[in-house]
Protein chains: 2
Amino acid sequence: MAGTQEIKIADNAPEAVSGVPTEGSAAAEQGPSKNELKKRAKDAEKAKKAAEKAAKQKELEAQKAAADEDYAVASYGKESLNQSQSRPRRQRVQICSLNPSMDGETVLLRARVQTSRAQGNKMVFLNLRQRTDSVQALLIVTPEKVSKQMVKWAASLQDESIVLVEGAVKKSPEVIKSASVGDVELHLSKIYLISGLDGRLPFTVEDANRPEAEIAANEDVQYKRVLLDTRLDNRIIDLRTQTNQAVFKLQHVIGHLFRDFLESKGFIEIHSPKLQGAATESGASVFKVNYFKGSAFLAQSPQLAKQMAIAADFERVYEIGPVFRAENSNTHRHMTEFVGLDLEMAIEEHYHEVMELLDDLFKHMFRSLRDRYKNEIEVVREAFPADEFKWREGSEGTLKLTFKEAVDFLVEDGVPKETLDDIDTENEKRLGRIVKAKYDTDYFIIDKFPMALRPFYTMPDPEDPTLSNSYDFFMRGEEILSGAQRIHDPALLTEKMKEKGIDPASMASYVDAFRMGCPPHGGGGIGLERVLMLFLKLNNIRRASLFPRDPKRLEP
Amino acid sequence: MAGTQEIKIADNAPEAVSGVPTEGSAAAEQGPSKNELKKRAKDAEKAKKAAEKAAKQKELEAQKAAADEDYAVASYGKESLNQSQSRPRRQRVQICSLNPSMDGETVLLRARVQTSRAQGNKMVFLNLRQRTDSVQALLIVTPEKVSKQMVKWAASLQDESIVLVEGAVKKSPEVIKSASVGDVELHLSKIYLISGLDGRLPFTVEDANRPEAEIAANEDVQYKRVLLDTRLDNRIIDLRTQTNQAVFKLQHVIGHLFRDFLESKGFIEIHSPKLQGAATESGASVFKVNYFKGSAFLAQSPQLAKQMAIAADFERVYEIGPVFRAENSNTHRHMTEFVGLDLEMAIEEHYHEVMELLDDLFKHMFRSLRDRYKNEIEVVREAFPADEFKWREGSEGTLKLTFKEAVDFLVEDGVPKETLDDIDTENEKRLGRIVKAKYDTDYFIIDKFPMALRPFYTMPDPEDPTLSNSYDFFMRGEEILSGAQRIHDPALLTEKMKEKGIDPASMASYVDAFRMGCPPHGGGGIGLERVLMLFLKLNNIRRASLFPRDPKRLEP
């Protein structure tokens, strides 16, 4: 089309020189010589040609100017900073809502430019992304609508720019594999930059989203590998990957399921203070805070507060909140701050009431995740391959081992018994593998831990005082919950504090809470990020935390 | 009945002495003198009487022993410490489920002894409480079932002891006003102490629950007034009042409504770290933490993190979590730690999209509270009298004033204009009264605050750079939400930081978050305890916090 236009301009050119006066006609009246006439004719011819040439040149310049004139200036460009100047209330659509039945409809949407690819100077392909959804968009030079300048500008947009586009939905002739919405494409008529980039991307979202398996399978391609520390240093970009959008959707879902289940069982949510007057549980791993002219300490868990809520007749409480641990542990599963899903409830007869409720809670979470969030789980699995998470249902029920049985399994497997006063991380994993092989489950419970391994507030076993009414829950061979029946008797509590070297006076308000009558109770604390990491097999807890904190990381 | 028994014992006594041998009959064979006979007869009579007396005495002692024998020993007493010794799986009921249709049924339940009142030594009345529910129970001496000793023991139980009782439900002849379940009473057959008291109650729950109005209305009665500081020092007891059980049920409900509404609008929950590498927002009011060999700071809000989540394409996020303010403010509405209900969302056209969503959120909360939690609100109102909370519905909508209009109202009302660069707490309350009188609403919005009054990240108004795209929400004349459109452009953000005296380098990871493209966005932060305090008119924010923290209080 542009070609036709140019030819038309060339055709018109001769017409443009007609009617230009020459000196020749006036001179003829004087009857000049043949030579003179020849010379004049020659000169006239020359002048004519020169004039023609000049005119043509002038015309060409005008043509060129006309061709360069940007008839699309209003249809593209950088928007002025949105300071809420106006509110036209034009509906904007979501990419995920686009479908072939909308063929021909004009839509408006805001999206990121994931990638762009110019084809000559007449066309550009844009991959537009909204969170986990993407669609292909085309911008093609079109008379009076889309100018070359507009295409050039659009092609120059940096990846990750945020644009507002208007375009027609077109059914795509074949499925576009590079987009999550592959059965339509957008033919753009307008494109504005809402927010550009100030600097270069540390890595592209495509690079960040590429599974390790794909990199390994294509050894000849020089893919950019984005390592975890680089990701965390540039977490804002890293979080934009499909994988991370799914991971944090699932984090949200786990919290939601936790609440929903507990509320259906009569629990209410509490909010306990993180600032404590005394170092709780153990002084060694607590953060100290400058508190006006004195000091405070960050709660290592809502343990004390939730027990006090039970003493205050709340009966069944839960809390979702930050938990602080000043442990200098630089492992794949420790952070200095994580999210605790905590609960505590009065016991009627036996602490297994609590253990069973927690077991029901986990099975509810596992079932809902599997049944209702298949897509998100699959998205994550592309980046982090994992066997489907398995647990036991029905009359068979969750596998429950005593600590002694767990130790026996390990001894049978060749671990020296004398090393098994406690089950360390390595042996936990080993036990996970033994259990998986024997029972085909990724989820099990260990009950009846030795008293020596548990905090002072743990209720001893009624028959064997070296054991306790306490349990840990495991996923894929790692602990995700620790819980127990608690001591609700102030005399026994004081005795146990002393045994563990804690001065009861240093926690007076906690001990006093049990002096005015407290029902028997128990509970547990779940690490949200651990559940998320282990269910999805993310292999590092930092991947399950929005902005992780460890001894070496306080930013971003 | 007990009287009849005693008489029966007296009747039996003479029978018990029959058949006792005497010395008289053997001596008669030797033919003694008359005198001798007389003497003997006299002696015999004496001996007989003595023997009779001794026998009677012995018998009486046996009688007494029989009467004292406690045939009810198995039906009462202190239970051994519940260490989960057994699990009979006997169903226990809730007081709130008791009703006259259960007349004659035997039930088992755990409750606190709110009060007890002995009537003679044969009967004791117990008021049994579970959270906000109570029922009257009677224990009456009954042969072979309830002994005097049992009644005496039950009457000696301290208030607030936790007991396990078994008894028959009886339709009560007339409604028992002192109990929340007044149409039945429990005739106890068993009562065991699960958890007693170690010391004296600092105040009774009855005293703590008594409305100020009742105390004022009964000047002649010497009621014990429980002051706020005493309550907070003994928060475990204070929280057991009906009022507080309702207050914290409603706190739970507000959080639940906040989440539910936002999730229906496509928000997801995030958890951002409270440990920050740099002092955020303003250095003055931030708590410093010893972090291994360096320092960290406690987040004054999730402001920065939630904005960064928007830059990371989360689009709509909320967070419920602790917020820390190192302000030495000792007022009725400041705490050093409170619960922030925070949200942030991308803006399409105008920041009023955010303001309107927040407005819809509040109206949803108010409506649900009014319609679904009438009982809890009424319980609180008994202790804290308040006019019903009013807001505007329908086409009229929420009252929205600009800051300038608000100032004009105050000036009209007599406040000197020159004092109104800002609206202080006192003038806020005054404005609340003006608005209430003019518009009959306890809830309104002020929009368009001067830029000078807002944090550096606030987006300036597009026309008047001295104003900003920011708003506060008010309940009963006190601010409960502060929000705004934020600056999403790193250049403008840096400029505004410098204007407010903040070194952009000190918050590099925050500023950098906007360099890789960020949509226009806005949000707000709500103080959970303030909403609760103002909706219920609790008059002091500490009453709306489970374990409040202020510059002078870190316990319990």
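The values are calculated or read from the model by the stated rules, or taken from the named source; none is laboratory data. Values in this document were obtained by computation on a predicted structure and should not be read as measured data. All Cβ positions, even for glycine, are placed from backbone atoms using ideal geometry, and neighbour counts span all protein chains on display. Accessible surface is based on the protein model in full, side chains and every heavy atom, while ligands, DNA and RNA are left aside. Shrake-Rupley method; radii C 1.70, N 1.55, O 1.52, S 1.80 Å.
Here are a few things to note about the model shown:
- Estimated FRET transfer efficiency (residue A:145, residue A:332; beta-carbon r; R0 56 Å; 0.05): 0.55
- Chain B: relative contact order in percent, alpha carbon pairs under 8 Å with at least 6 residues between: 11 percent
- For the residues A:84, A:264, a 1.4 Å probe over the protein chains yields an accessible-area ranking, largest first, of A:264, A:84.
- Relative contact order of region A:90-195, pairs being alpha-carbon contacts under 8 Å that are 6 or more residues apart, as %: 32 percent
- If R0 is 41 Å, the Cβ-Cβ spacing of residue B:106 and residue B:228 corresponds to a FRET efficiency of close to 0.40.
- Average partner coverage of B:314-322, which counts Cβ from other chains inside 10 Å: 4
- For peptide A:503-515, the mean count of partner chain Cβ atoms within 10 Å of a residue's Cβ comes to 3.
- Annotation: amide H-H contacts under 5 Å for residue A:337 (H modelled 1.01 Å from N, sequence separation of 5 or more, or interchain): A:325, A:549.
- With θ taken as phi - 60° and the Karplus curve 6.51 cos²θ - 1.76 cosθ + 1.60 applied, the whole-hertz 3J(HN,Hα) list for region A:133-140 is 9, 9, 8, 8, 10, 10, 10, 10 Hz, x standing for glycine and proline.
- Largest to smallest in accessible area, the residues B:391, A:153 fall in the order A:153, B:391 (1.4 Å probe, all protein chains included).
- Look at the alpha carbon pairs under 8 Å that are at least 6 residues apart: their mean separation over the length of region A:242-544 gives a relative contact order of 21 percent.
- Candidate lysines for bridging to residue B:34, where Cα separation is under 24 Å - those fewer than 8 sequence places away on the same chain excluded: B:42, B:46, B:48, B:49
- In the context of the full protein assembly, residue A:166 retains an accessible surface of approximately 30 Å², using a probe radius of 1.4 Å and ignoring ligands and nucleic acids.
- Residue-averaged beta-carbon neighbours from other chains (10 angstrom radius) around A:74-83: 4
- A quarter of the convex hull surface defined by the alpha-carbon atoms of chain A gives 42.2 nm² as the mean projection.
- Area of residue A:337 that stays accessible when all protein chains are in place (1.4 Å probe, Å², to 10): 10 Å²
- Packing, taken as the mean count of other beta carbons within 10 Å per residue, orders the peptides B:315-328, B:39-52 from highest to lowest as B:315-328, B:39-52.
- Distance to the B-onto-A rotation axis is smallest for one chain B Cβ; residue and value in angstrom are B:289, 2.
- Members of A:306/B:274; A:400/A:429; A:249/A:537; B:265/B:363 lying beyond 18 Å, as alpha-carbon distances in this model show: A:306/B:274
- The heavy atoms of residue A:364 present about 50 square angstrom of accessible area, all protein chains included, probe 1.4 Å.
- With the label put 7 angstrom out from Cα along the Cα-to-Cβ vector, residue B:101 ends up 4.7 nm from the copy partners, going from closest to farthest.
- What separates the residue B:212 label point from its copies, with the point 7 Å along Cα to Cβ, is 6.4 nm, written shortest first.
- Applying 1/(1 + (r/R0)^6) with R0 = 30 Å to the Cβ-Cβ distance of residue B:371 and residue B:174 gives a FRET efficiency near 0.35.
- Prolate/oblate/rounded label for the protein assembly as shown (Cα gyration tensor, a/c 1.5): prolate
- Once you reduce region A:412-491 and region B:70-148 to the center of their Cα atoms, the two points are 38 Å from each other.
- Amide H contacts of residue A:444 (H built 1.01 Å from N, under 5 Å, at least 5 apart or other chain): A:474
- Qualifying aspartates and glutamates (Cα of each under 16 Å from Cα of residue B:148; at least 8 residues distant if same chain): B:6, B:68, B:69, B:70
- Each Lys and Arg Cβ is given +1 and each Asp and Glu Cβ -1; about its Cα centre, the protein assembly as shown then shows a dipole of about 340 debye.
- Among the listed pairs A:293/B:293; A:152/A:177; A:288/A:552, those with a Cα-Cα distance over 19 Å are A:293/B:293; A:152/A:177.
- Accessible area in the full protein assembly, largest first, 1.4 Å probe, for A:425, B:243, A:419: A:419, A:425, B:243
- Shortest first, residue B:58 label-point distances to identical copies amount to 15.6 nm, with the label point at 7 Å from Cα along Cα→Cβ.
- Selection of GluC sites (Glu not before Pro), region B:169-264, meeting DSSP coil and at most 14 other Cβ within 10 Å: B:174, B:219
- Gyration tensor verdict on region B:90-195 (Cα atoms; rounded if a/c is under 1.5, prolate if a/b is larger than b/c, oblate otherwise): rounded
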